[in-house]
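A.B. asks: This is the structure I want to talk about, given as structure tokens.
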Amino acid sequence: MLRTPIADFTLRLCEWIAPSDPSLLAFLSDKQPDVMVASPTNLRFSEETDFLKAARRLRIPTAIQVLTWDNLSTKGLVQILPDRLFVWNDRQYRDVREIHRVPQRDLSTVGSPFFDKWFDKVDGTSSREADCRRLGLDPEKKILLYLGSSKNIAKDESWFIEEVVEALAANSDSRVQDFQILIRPHPANAKRYQRLSEASLCVFPEGRALPETRQRLADAALGINTSGMTDAVLADLPTFSVRLSRYVETQTSAEHFRHLERFDVLYLCQDQPALIEARKDLVDGRDPKASSRCEFRHQFARPRGLERPAGDVVAQEVIDLADTPRIGRSFWT
């Protein structure tokens, strides 16, 4: 019943009629901002919605910045329509039109400021040599970054990591043996990696800490199914996955994995031997997915141009919005 057009109209009308919070009206009246940007606005306890509502009453221009890649498709609805909603790409554009019914005139496809970090040409925090020394890795050897999955995808994938380590060590080809493995656990599924750390495998960060931008340290990435693979592709890392029977269902049902498949950016191997052979090609300088990664990076994160940070695009859009005369809207517009 709640998904019917009548129910949708009724709920939106109730939200429109309900008065704004007097304290927020007083706060915004005192600050007198030229424009207000809110994000994400559609989570379970998103207080930003009340700010949007108060700003609308005061005719302050408003904008919403989409926070995550799945924010529009797996979270709540946008309750208060802003003057401008910034989406990352064409996929989010379709989601916001079909699911949230935001008018086309109020949408701007700007790219993802969240992923701008992967496009920086220089990471000024530290050198590869310094990072390797700190982690006990050899900077002269190639590094394979293993990206851990969440519990609902792969509750315990440590066995697979151990098999990969053994396969690399047992292979007689020096091109394969030269790979070291850096394991990046999923922060919500970190306990499973404790025994790997005790076995002298490099696990970073340990515990539930959020990982730093370690993709810069690696030469390639490997994972079963995690959104970290999207980060790896955007960082222009050759990214591998394996079709393991116990995880096929989670791979085929996960939207972010299907999205990577559609762009053909993954080296998707059918088994361990195929994975090892793909490694050899990479060491030899063969990277046939490079052009697909470039296209994905453009379409997914920087539709206004690979060389133009999405954050700069959003900043200009906000400035333009602040300079645009604000007219009051009725419920119908």
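A.B. asks: Quick one: would you say residue 258 is buried (at least 16 other Cβ atoms within 10 Å of the Cβ), under 26 Å from residue 111 (Cα atoms) and basic (Lys, Arg)?
C.D. replies: So residue 258 fails the test.
A.B. asks: Mind listing whichever residues of the range 62-84 are in contact with a strand residue (DSSP E or B) (Cβ under 7 Å, 6 or more places away or on another chain) and either of a type in the set (Val, Ile, Thr) or assigned to a loop (DSSP other than H, G, I, E, B) (or both)?
C.D. replies: Those that are in contact with a strand residue (DSSP E or B) (Cβ under 7 Å, 6 or more places away or on another chain) and either of a type in the set (Val, Ile, Thr) or assigned to a loop (DSSP other than H, G, I, E, B) (or both): 62, 64, 66, 78, 82, 83.
A.B. asks: Can you tell which of 56, 84 is basic (Lys, Arg), touching a residue at least 60 places away in the same chain (Cβ under 8 Å), surrounded by 17 or more Cβ atoms within 10 Å (Cβ to Cβ) and under 30 Å from residue 295 (Cα atoms)?
C.D. replies: The match here is 84.
A.B. asks: I need a count of the residues in the range 95-107 that are surrounded by fewer than 16 Cβ atoms within 10 Å (Cβ to Cβ) and in a strand (DSSP E or B).
C.D. replies: Residues that pass the stated criteria total 0.
A.B. asks: Give the number of residues within the range 223-279 that are at pLDDT 90 or above, aliphatic (A, V, I, L, M) and in a helix (DSSP H, G or I).
C.D. replies: Number of matching residues: 5.
The values are calculated or read from the model by the stated rules, or taken from the named source; none is laboratory data. Because the structure is predicted, anything quoted here is derived from the model rather than measured. Heads up, the Cβs are rebuilt from the backbone with ideal geometry, glycines too, and the neighbour counts pull from every protein chain shown.
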